[in-house]
Amino acid sequence: MRFIFEQLRLGGDRNFGYLLGDREAGEGLLVDPSFDPEAAVGRAEAQGLRIRGILNTHGHADHSSGNAAARALTGAPVMGGPGHPGAVDVLLRGGERIAFGAFGLKVWHVPGHCADHLAFLVEEENAGLTGDLLFVGKVGGTASDADARTEWDSLQRLLREWPPETTVWPGHDYGARPSSTLAWERRCNPFLQCADAAAFIRLKAEWPTFKARHGLR
């Protein structure tokens, strides 16, 4: 019961935020407070956690719009990746580790969906927060073929560097389930079954037809 992990439904376009904590230390982190930061902070208070940081997987407004309110309620710094479009107190880079009690959140810089995108892994618990990079059965949208190639490279890094048993916790409830595992996504996610970046880009272009043909959500 020491490790606290809550997936929070915070409105918007089926947005998820997350509360992580160490019950014994009384320390926690908020990730993507988005449209209902008051509810997210309320959960931290109910769990007896002092929030040490407000993290964004990326700076799109549907993930970061709650930053200012969460900061005002908790006094915790806002943390985001390189090129984050909003105001951040702490710039996070790949390879850094953010401690909360006995636990730590390691940072991966995974651009593609947007330039500042980060993914987070609680290494002690193999819990991965993938934002809008990787959903259950899907991947994040990209603005160009160049961005899609970058996203492919980011996804391949996670497949190489995260343990296969890692649980996947996305930024939106877009799939058949609200969470998954990296091994399951490798086996079942059509985008992760592509042979190379060119096939990945083709599937993105053909996705509406592919989805309809296979009865996918």
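The values are calculated or read from the model by the stated rules, or taken from the named source; none is laboratory data. From a predicted model like this one, the values you see are computed outputs, not experimental measurements. Note: ideal-geometry Cβ built from the backbone for every residue, glycine included; neighbour counts use all protein chains shown.
Annotations for the structure displayed:
- Gly131 meets the stated requirement of being within 20 Å of His84 (Cβ to Cβ) and not aromatic (Phe, Trp, Tyr).
Residue by residue, here is whether (1) in contact with a strand residue (DSSP E or B) (Cβ under 7 Å, 6 or more places away or on another chain); (2) surrounded by fewer than 21 Cβ atoms within 10 Å (Cβ to Cβ) holds:
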residue	(1), (2)
Pro37	no, no
Glu45	no, yes
Gly48	no, yes
His58	yes, no
Ala61	no, yes
Gly66	no, no
Val78	yes, no
His84	no, no
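- Checking Gly137, Gly112, Gly128 one by one, the residue that is at pLDDT 95 or above, part of a loop (DSSP other than H, G, I, E, B) and under 15 Å from Leu158 (Cα atoms) is Gly112 and no other.
- Subset of the range 134-192 (residues that are touching a His at 6+ places or on another chain (Cβ under 7 Å) and surrounded by 16 or more Cβ atoms within 10 Å (Cβ to Cβ)): Phe135, Gly140, Thr142, Glu151, Gly171
- Cβ pairs under 7 Å, 6+ apart, first in the range 154-177 and farther than 22 Å from Asp32 by Cβ, second assigned to a loop (DSSP other than H, G, I, E, B): Pro163/Asn126; Glu165/Asn126
- Of the residues contained in the range 134-150, one or more are found to be among the acidic types (Asp, Glu), within 19 Å of His109 (Cβ to Cβ) and out of contact with any Phe, Trp or Tyr (no Cβ under 8 Å at 6 or more places or on another chain).
- Here Gly26, Gly59 are screened, and the one residue that is touching a Cys at 6+ places or on another chain (Cβ under 8 Å) and either farther than 26 Å from Arg157 by Cα or without any contact (Cβ under 8 Å) to a residue 60 or more places away in the chain (or both) is Gly59.
- Flag for Gly42 being at pLDDT 95 or above and either more than 26 Å from Gly141 (Cβ to Cβ) or not β-branched (Val, Ile, Thr) (or both): yes
- Applying the condition of being not acidic (Asp, Glu) and not in a loop (DSSP other than H, G, I, E, B) to the range 1-14 and asking which residue is farthest from Tyr174 (Cα to Cα) yields Phe3.
- Some residue of the range 201-208 being touching a residue at least 60 places away in the same chain (Cβ under 8 Å) and not acidic (Asp, Glu): yes
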